[in-house]
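Just below is one structure, and these are the notes that go with it.
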Amino acid sequence: MKKMEILEGSMAVTLAVKACKPGVISAYPISPNTHIVGALAKMVADGELDSQYVLSDSEFSAASIVYGASAAGVRSYTASSSQGLLLMTEVIYNAAGTRLPMVLTGTNRSISAPISIQVDHQDTLSLRDSGLIQFYVESAQEAYDMHIQAFRIAEDPDILLPVMICMDGWVLTHSYEPVELINQKAIDTFLPPYRPRHYLDPEHPLTFGSYAEDNVMMELKYMIQAAMDRAKGKIGDISSDFHRITGHAGAGLIETYGPEKADIILVGMGSLVGTMREAVDTMRADGISVGLIKVCCYRPFPGEAILGCCRNAEAVAVLDRGSSMGSEGPLSLDVKAALCNLERPHIFSFITGLGGREITTETIQKITEETMEAVKSRRILRGSQWVDLNRSIL
Amino acid sequence: MIPKTEEQELFAPGHRACPGCGEAIATRWILKATGTNVIVVSPTGCLETFTSPYMFSPWRVPWIHPLFENGAAVASGIEAALRYKGRSDIRVVVIGGDGATFDIGMGALSGMFERGHPVPYICYDNEAYMNTGIQRCSSTPLLASTTTQPSGRRSWGKDRPKKNMPAIAMAHDIDYVATASVSYPKDLYNKVKKGLTMEGPSYIQVHTPCCTGWGFPPEKTVEIGRLAVNTGLAPLFEMEGGELTSVHKIEKKAPVDEYLMAQGRFKHLFQSEEGRKEVAKVQRVAELNIERLGLL
Ligand SMILES: Cc1ncc(C[n+]2csc(CCOP(=O)(O)OP(=O)(O)O)c2C)c(N)n1
Ligand code: SF4
Ligand SMILES: [Mg+2]
């Protein structure tokens, strides 16, 4: 029986995490993760969730606590944002390197300074090289479904990496949407209890976290890369399983919208994609050949899938909610790498929506027009275009 | 009963510690006390480096090295996982260096104490960051020369006394705080055993001379450790419920000169009249310990 509820995005995540029965949860409060960590704490306090909830003294410790729990062979979960994610960074690299699965929610928020609690993707993007699998969601429903799949992906013996579900702060964490919930039996069928092959166990003493000399370092790092590569296929299998068992749409690497052979293709991630869909509809009604790619899985990066969708396009415009300072939008760099050595399409990079700045359908139309204009006049725009800067304060 | 070497050697030979390394000897004794039903966490430091070259391990118990500053937090997570699994029969123990404990891991350690995880946190104290090449730590004693606070024309070495870490641990109102020395292995063994009986966290600080970093011949490790105890510079005591419950009385009081002169890290104090005057400051530290703790 289907169960539809109007839920705050944070509550959708909380219910998904609860249904996955993590043995250890640890977190530290930072807006906008607070509703998630508070609701989980209340469930534990009320006896609805049989987890050990460890209140940490920092995000660094929270990540370390779930790392320890994972090493002891227990499913574990944490959530953070912004400064908190940066503070966790060292542990996240370490978890990936030690091949310890865990699930994190990254409630997207900008990075200080200047300090702000509003959304952009600088925080989660900055973890892109760590060995952390990253998904970006567009809605509360996707956040719910992705958290359940995240545990299966992280714990898959062919993957064994941390997985982060990135959801835009406030826009998704604090707004209410209808969410269709999955019954516990189906979730239990999809996600059996975690039974790792290797964990800290006095009966089979193992050494974790060894020192690597140059004779093995390359190989051990390569194995993380290989796990990331394998994950692309595995995510497809897990997603099909999820769909078969629950009836819900499973995880994809990318999602497309609009005509298959559009001249202009827009690329984006997260809640922004909702606005992009609307803009695409409006522009298509005006006769513009435009479509979009939503990047669902940012790491491992689905370069081949993107290449497959862009071969016939004139231009690709990538919208980034963060910047690799001194270079350009990180997502645009990945798209450029995926499409390199092709004569067409040209790829344009746009940086927009930092620190919660609103991205309207007009913003997206403007970006599209600028892209079309550049193509028409055979202008190559190098670097990233920072959209709608207020030049009076520069 | 302390298990005989042949019966239970959980820390195998063949690791890469310097010959005479105090912390290697201490670890061997610590594992005799823990027995096999234990999980050990060691933050980054000499112990981690010399025991874990990939594909080799002297650890005959499950062991994990996470990072430099998160030993206590990782132990907390393991302990929570064991509680979740209903396996509170398995004990989690941290064995970490003074740098990992006094300095960079202090926040995580304070968190573990405050939350009350039943974890004995054992700090092997060699009084500097040895793994990276003998750098100053807040555990470094007054006037010791290190590579980042060396003696020189304008410096006598460490300008501040050693941080009182046992007092900081005790300020968390934890069940048990003790200091030990590798030179008194039975006492060390008993203190680790006691830490393991506690329902909450405990802190055990083990003085472990480091021949390489302190500058003394490797065969003198035990002797130097004993001298430290007998000068009053490394007092051995136990605290429970905030009260001092036992002290190891000094057998034969030694002047600090004897201890300092035996080590390269203090040799600058004996090269001039002024240096010798500085030694009085170290003697005062020893006297204060003797008086406060009733070591005589
Ligand atoms: C975050 C971080 N900072 C610095 C280091 C470099 N480092 C590794 S071990 C170490 C010193 C360890 O000192 P201590 O805990 O006293 O152990 P010892 O080596 O003396 O046994 C340092 C500074 C590191 N690994 N990680
Ligand atoms: S440097 Fe000191 S602590 Fe490190 S292995 Fe050598 S003797 Fe032991
Ligand atoms: Mg040290």
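The values are calculated or read from the model by the stated rules, or taken from the named source; none is laboratory data. The structure presented is a predicted model; accordingly, all values stated were derived computationally and were not measured. Note: ideal-geometry Cβ built from the backbone for every residue, glycine included; neighbour counts use all protein chains shown. Accessible surface areas use protein heavy atoms only, side chains included; no ligands, DNA or RNA. Shrake-Rupley method; radii C 1.70, N 1.55, O 1.52, S 1.80 Å.
Given the C-alpha centroids of the stretch A:281-295 and the stretch A:192-225, what is the distance between them in whole angstrom? Each part reduced to its Cα centre gives a spacing of 47 Å. Computed on the Cα trace of the stretch A:254-386, the radius of gyration divided by the Kirkwood hydrodynamic radius gives Rg/Rh = 0.92.
Inter-part distance, the stretch B:159-196 to the stretch A:60-123, computed on C-alpha centroids, equals 33 Å. Can you give me the C-alpha center-to-center distance between the stretch B:225-296 and the stretch A:141-178, rounded to a whole angstrom? When both Cα centres are located, 57 Å separates them. Go through B:P53, B:H172, A:S126 and say which Cα lies farthest out towards the positive end of the charge dipole of the protein assembly as shown; charges sit on Cβ, +1 for Lys and Arg, -1 for Asp and Glu. Result: B:P53. Pairing the Cα long axis of helix A:82-97 with the longest principal axis of chain A, what angle in degrees results, from 0 to 90 and rounded to the nearest 10? Long axis of A:82-97 versus the principal axis of chain A: about 70 degrees. Rolling a 1.4 Å probe across all protein chains gives B:F56 an accessible area of roughly 130 Å². A dipole drawn for the stretch B:238-296 from +1 and -1 charges on Cβ atoms has a positive end, and of B:S246, B:L293, B:V282 the residue lying farthest that way is B:V282.
Surface composition of the stretch A:47-184: carbon plus sulfur atoms contribute 55% of the solvent-accessible area (1.4 Å probe, protein chains only, all chains present).
Please compute the average number of Cβ atoms from other chains found within 10 Å of each residue's Cβ in peptide B:79-92. Kindly include the intermediate steps, with their values, before the conclusion.
Working: counts 7, 15, 17, 8, 5, 11, 5, 0, 3, 0, 1, 5, 1, 3.
Counting other chains' Cβ atoms within 10 Å and averaging over B:79-92 gives 6.
Membrane-span-like helices of chain B, defined as complete DSSP H segments with a Cα extent of 20 Å or more along the helix axis and a mean Kyte hydropathy of at least -1.0, are identified as B:71-85, B:273-293.
Determine the shape class of the stretch A:178-240: with a ≥ b ≥ c the square roots of the Cα gyration tensor eigenvalues, call it rounded for a/c under 1.5, and otherwise prolate if a/b is greater than b/c, oblate otherwise. Verdict is oblate for the stretch A:178-240.
Based on C-alpha pairs under 8 angstrom that are at least 6 apart in sequence, the stretch B:22-293 has a relative contact order of 17 percent. Its relative contact order, with pairs defined as Cα atoms under 8 Å and 6+ residues apart, puts the stretch A:1-134 at 23 percent. Take each residue in B:105-118, count the other chain C-beta atoms within 10 Å of its C-beta, and the mean is 3.
Annotation: extensible slack from A:E362 through A:E177 equals 64.2 nm (criterion: 0.36 nm per residue apart, minus Cα-Cα distance). In vacuum, with every alpha carbon of the stretch B:22-293 counted as one equal point scatterer, what does the Debye formula give for log10 I(q)/I(0) at q = 0.07, 0.10, 0.11, 0.14 Å⁻¹? Two decimals, please. These q points yield log10 I(q)/I(0) values of -0.23, -0.48, -0.58, -0.94.
Rounded to the nearest 100 Å², what's the accessible area chains A and B bury against each other, both chains counted, probe 1.4 Å?
Numbers: alone 17550 and 13300 Å², together 27880 Å².
Buried area between the two chains comes out at roughly 3000 Å².
By a 1.4 Å probe calculation restricted to protein chains, B:Y54 has an accessible surface near 90 Å², given to the nearest 10. Relative to the Cα centre, the charge distribution of the stretch A:254-386, modelled as +1 at Lys and Arg Cβ and -1 at Asp and Glu Cβ, gives a dipole magnitude of about 280 debye. The charge dipole of chain A, taken about its Cα centre with unit charges on the Cβ of Lys, Arg, Asp and Glu (plus for the first two, minus for the last two), comes to roughly 380 debye. Counts of other chain beta carbons within 10 angstrom of each beta carbon in peptide A:71-83 average 3. In the calculated pair-distance distribution of the stretch B:44-148, the portion above 23 angstrom amounts to 32 percent of the Cα-Cα pairs. Summed over qualifying helices (DSSP H, 4 residues or more, each -39500 (n - 2.57)) and divided by its residue number, chain B shows a 222 nm mean residue ellipticity of -10500 deg cm²/dmol.
Kindly state, to the nearest 0.05, the FRET efficiency for A:E5 paired with B:K85, given R0 = 41 Å and r defined as their beta-carbon distance.
Details: r = 33 Å, r/R0 = 0.79.
The pair A:E5/B:K85 has a calculated efficiency of 0.80.
Checked against a 24 Å cut-off, the cross-linked pairs A:K3/B:K85; A:K294/A:K336; B:K32/B:K253; B:K85/B:K186; A:K221/B:K85; B:K186/B:K249 give Cα-Cα distances beyond that limit for A:K3/B:K85; B:K32/B:K253; B:K85/B:K186; A:K221/B:K85.
Structural descriptor for chain A: relative contact order 15 percent, calculated from alpha carbon pairs under 8 angstrom and at least 6 residues apart.
Applying 0.36 nm per residue to the separation of A:T189 and A:D201 and subtracting their alpha-carbon distance, the gain on full extension is 1.6 nm.
Just so you know, the Cα atoms of the stretch A:1-117 work out to an Rg and Dmax of 14.2, 48 Å.
Using Cβ point charges alone (K and R +1, D and E -1), the dipole size of the protein assembly as shown about the Cα centre works out to roughly 1400 debye. How many percent of all Cα-Cα pairs in chain A sit more than 27 Å apart? That tail contains 48 percent of the Cα-Cα pairs.
For the stretch A:358-374, 3J(HN,Hα) computed residue by residue from phi via the Karplus equation (6.51, -1.76, 1.60; θ = phi - 60°) reads 5, 10, 9, 4, 5, 4, 6, 4, 4, 4, 5, 4, 4, 5, 5, 4, 4 Hz, glycine and proline entered as x. Between B:R276 and B:S155, the FRET efficiency from the beta-carbon distance, with R0 = 25 Å, is close to 0.95. Computed over the protein assembly as shown, the alpha-carbon pair-distance distribution with 10 angstrom bins reads 3, 15, 22, 20, 16, 12, 8, 4, 1, 0, each value a whole percent. Of the residues A:S175, A:Y222, A:S239, the one whose Cα sits farthest toward the positive end of the charge dipole of the stretch A:149-250, with +1 on the Cβ of Lys and Arg and -1 on the Cβ of Asp and Glu, is A:S239. Taking only Cα atoms, what is the 0 to 90° angle, nearest 10, from helix A:34-45's long axis to the longest principal axis of chain A? Relative to chain A, helix A:34-45 is tipped by roughly 20 degrees.
Of all beta bridges that DSSP places with both ends in the protein assembly as shown, some 25 percent have antiparallel geometry. Bridges between two residues of the stretch B:22-293, per DSSP, are antiparallel at a rate of about 30%.
Under the simplified labelling scheme, the A:E213-B:A171 pair shows an inter-label distance of 4.4 nm, with each label point 7 Å from Cα along Cα→Cβ. Net charge near A:L272: determine it from the other residues with C-beta under 12 Å of the C-beta of A:L272, scoring Lys and Arg +1 and Asp and Glu -1. Result for the local shell: -2. Distances longer than 15 Å among the Cα atoms of the stretch B:144-213: what percent of all pairs is that? Value for the stretch B:144-213: 65 percent of Cα pairs lie more than 15 Å apart. For A:N341 and A:D229, the FRET efficiency from 1/(1 + (r/R0)^6), where r spans their Cβ atoms and R0 equals 25 Å, is about 0.80. Protection proxy ranking for A:173-185, A:259-271, using the average of other Cβ atoms within 10 Å per residue and placing the highest first: A:259-271, A:173-185. Full extension of the chain between B:A12 and B:L244 yields a length gain of 80.0 nm, computed as 0.36 nm times the residue separation minus the alpha carbon distance.
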